[in-house]
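What follows is one structure encoded as structure tokens, with my remarks underneath.
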Amino acid sequence: MTLKILLNGCNGRMGRAISGIASQQGAEIAFPVDVGDDPAAGIEGCDVVVDFSLPTATLSLIQLASGANKPVVIGTTGHTPEQREQILIEASSLPVVWANNFSVGVNLLFYLTQKAASILDSSYNPEIVEMHHRHKVDAPSGTAVRLLEIVRRARALEPGCEQHGREGVTGARPEGQIGVHALRGGDVVGEHTVHFAGEGERIELSHRASDRSIFAQGALRAAHWVLSQPPGLYDMQDVLGLK
Ligand code: NAD
């Protein structure tokens, strides 16, 4: 059976990447939606709703999906904590895959970062560096935020231990801090490195995306997977069986 998708944000970079490979992955974009279109007009004919748009566009889409009882895949990043909370309330009766990064390699990076942060003691200072194209509107990336959370939890540090960038007379780096740095420029699809800098050695775990199709493939894999799941909130680690 061909999976019928309502694709929100169909004219964007990710929307075009998903449309470009859908047929190779047993799916079709049955109802493409972009700004100004009415998703309600086509949702009934779709099996699943996929969102790669803007943080402000997700909530009304989820309300619609909830009313029509359609499972959802959310790829949009940059939601505020309030937006996220509202979306989760509206989505509570649906199976939802919500991932800031749908690439298999990045999900492996999450796994390896968790291992490294647990094995290396606090004398190995973690610094997270990400780089994206100049059009990206949110910083740090959702993936960098996830890496931050993984290191923070593995090290049992309090929320707020992160330091976004540095400037001026900062003093010595305190232990228990996690540095986060966002670089922007050109056409970089997405790069993330977690440094663990110790005395006499440094470990770096890096992922570099060179083609948006890795996210599109993961999102389509999640769209197939979510169809047979009970209501609940899932991420790409669930889809890949990494938990
Ligand atoms: P983009 O700016 O190229 O595309 C966004 C699209 O959404 C545009 O076509 C825009 O017109 C449309 N849009 C805006 N408001 C809308 C609305 N109210 N309803 C419907 N469509 C609307 O951005 P992009 O690079 O395609 O990325 C989209 C989102 O996906 C961003 O939040 C980005 O960070 C995220 N992203 C996630 C992953 C992942 O793996 N989860 C990977 C890449 C990008």
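Figure legend. Inter-residue proximity from segment 62-74: first residues farther than 19 Å from residue 10 by Cα, second residues of a type in the set (Val, Ile, Thr), beta-carbon distance below 9 Å, spacing 6+ or different chains. Indicated pairs: 66/72; 67/43; 68/43; 68/49.
Restricting attention to segment 1-12, the residues that are exposed (fewer than 15 other Cβ atoms within 10 Å of the Cβ) and within 13 Å of the ligand (Cβ to nearest atom) add up to 1. Based on this model, can you work out whether residue 141 counts as closer than 29 Å to residue 215 by Cβ and not assigned by TED's automatic domain parsing to the domain that holds residue 13? Spelling it out, residue 141 is indeed closer than 29 Å to residue 215 by Cβ and not assigned by TED's automatic domain parsing to the domain that holds residue 13. Identification of strands (runs of 3 or more DSSP E) wholly contained in segment 187-243 with 3 or more residues that are over 30 Å from residue 121 (Cβ atoms) yields 232-234. As a summary of the residue check, residue 136 satisfies the conditions (1) part of a loop (DSSP other than H, G, I, E, B); (2) surrounded by 21 or more Cβ atoms within 10 Å (Cβ to Cβ) except for the one numbered (2). Restricting attention to segment 143-156, the residues that are surrounded by fewer than 17 Cβ atoms within 10 Å (Cβ to Cβ) and not acidic (Asp, Glu) total 2.
Taking the stated definitions as given, is residue 235 of a type in the set (Asp, Glu) and in contact with a strand residue (DSSP E or B) (Cβ under 9 Å, 6 or more places away or on another chain)? When the stated conditions are applied, residue 235 passes them. Picking from residues in segment 25-37 that are among the charged types (D, E, K, R) and either assigned to a helix (DSSP H, G or I) or near the ligand (Cβ under 8 Å from one of its atoms) (or both), the one that is least open to solvent (accessible area, probe 1.4 Å) is 34. Restricting 129, 96 to those that are in a strand (DSSP E or B) and within 16 Å of the ligand (Cβ to nearest atom) reduces the list to 96.
Exactly one residue out of 57, 65, 22, 40 is open to solvent by less than 60 Å² (accessible area, probe 1.4 Å), within 10 Å of the ligand (Cβ to nearest atom) and assigned to a helix (DSSP H, G or I): that is 57. Remark: residue 71 falls outside the filter, which requires a residue to be in contact with a His (Cβ under 6 Å, 6 or more places away or on another chain) and modelled with pLDDT of 95 or more. Exactly one residue out of 226, 188, 180, 169 is among the β-branched types (Val, Ile, Thr) and either touching a residue at least 60 places away in the same chain (Cβ under 8 Å) or not assigned by TED's automatic domain parsing to the domain that holds residue 110 (or both), and it is 226.
Being out of contact with any Phe, Trp or Tyr (no Cβ under 7 Å at 6 or more places or on another chain), without any contact (Cβ under 8 Å) to a residue 12 or more places away in the chain and outside the structural domain of residue 222 (by TED's automatic domain parsing) holds for only one residue in 158, 162, 127, 85, and it is 158.
Checked against (1) without any contact (Cβ under 8 Å) to a residue 60 or more places away in the chain; (2) closer than 22 Å to residue 96 by Cβ, residue 216 meets all criteria but (1).
The values are calculated or read from the model by the stated rules, or taken from the named source; none is laboratory data. All figures in this text were calculated on a predicted structure; none of them were measured in a lab. Neighbour counts are summed over all protein chains in view; Cβ atoms, including those assigned to glycine, are modelled from backbone coordinates with ideal geometry. Heavy atoms of the whole protein, side chains included, go into the accessibility calculation; ligands, DNA and RNA do not. Shrake-Rupley method; radii C 1.70, N 1.55, O 1.52, S 1.80 Å.
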